[in-house]
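Note sheet for the following structure.
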Amino acid sequence: MTHVVLDAKGLRALAHPVRVQLVGLLRLYGPSTATRLAERLGLASGATSYHLRQLAAAGFVEEDASLGNARERWWRAVHEATVIDDDELAEQEPEAMLGYVQGIVAAHTLRAQLAVAAYPALPKPWRDAFNMSDWNLRLTPQEAAELSGELRAVIERYRQHAPGADAPADSEHVALTLHLLPDPAVAEGHAEGRTESGAGAGAGAGADGRERS
């Protein structure tokens, strides 16, 4: 898997919900045009064209010359995943980090809404496999990190069919979203100088990686 490690410049480029969703769509479905992407997102093609150019300038997408023509430009994702591996990046770029995370939340929300809308039309085996669960746990930061690592290890075992590779005839794209979210009271307590921790962490559906999307 090819991935990009975010720096401050890249983080600022992705600090917009539409850009996060554009990169995600190109990674999932392959090359596309501004017009087709606009239809998926319910936007004007001028808006998606603008954001695609900004993403290209930051190195996240590039023009696919093999598909383009004089009238229509095709774009493709440069990487398969985005990783944040800098503990100080959130402190250095708090507004950009917030915008980026909010973009991820918006993309996850849209994907979940579309999946739920399509649920009645799913074949029974896929309806039986459909799962939306969450749990409230009480963990230390170390336990939360260990849990995240163990879950990633499980997920890696199922990443056996790379894009374009041969796969079983009955296999389909599945979106697995993992959220490990400290209770907001944790941040509030630290801001007010309190030492007690929040009630727990929620697990539901998310990005795979240390901080990845």
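Figures for the structure shown
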| read-out | value |
| --- | --- |
| ALA56 vs. criteria in contact with an Asp or Glu (Cβ under 7 Å, 6 or more places away or on another chain) and among the small types (Gly, Ala, Ser) | yes |
| Residues being exposed (fewer than 14 other Cβ atoms within 10 Å of the Cβ) and touching a residue at least 60 places away in the same chain (Cβ under 8 Å) - total across the stretch 9-41 | 1 |
| The stretch 34-88: number of residues that are under 23 Å from THR2 (Cβ atoms) and of a type outside the set (D, E, K, R) | 24 |
| Pick from the stretch 129-145, criterion more than 21 Å from the chain's Cα centre (by Cα) and either assigned to a helix (DSSP H, G or I) or small (Gly, Ala, Ser) (or both), ranking: farthest from PRO182 (Cα to Cα) | ALA129 |
| Residue that is surrounded by the most Cβ atoms within 10 Å (Cβ to Cβ), among those in the stretch 88-103 that are in contact (Cβ under 8 Å) with a residue 24 or more places away in the chain and acidic (Asp, Glu) | GLU93 |
| Boolean, ASP64 is among the acidic types (Asp, Glu), on the phi < 0 side of the Ramachandran plot and at pLDDT below 90 | no |
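Listed here are the residues, each with its yes/no results for (1) outside the structural domain of PRO184 (by TED's automatic domain parsing); (2) exposed (fewer than 10 other Cβ atoms within 10 Å of the Cβ); (3) under 19 Å from ASP170 (Cα atoms).
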residue	(1), (2), (3)
ALA118	yes, no, yes
TRP135	no, yes, no
ARG138	no, no, no
PRO141	no, no, no
ALA144	no, no, no
LEU147	no, no, no
ARG152	no, no, no
ARG157	no, yes, yes
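The values are calculated or read from the model by the stated rules, or taken from the named source; none is laboratory data. The structure displayed is predicted, hence computed values, not measured ones. As a convention, Cβ positions derive from the backbone with ideal geometry for all residues, glycine included, and neighbour counts pool all protein chains shown.
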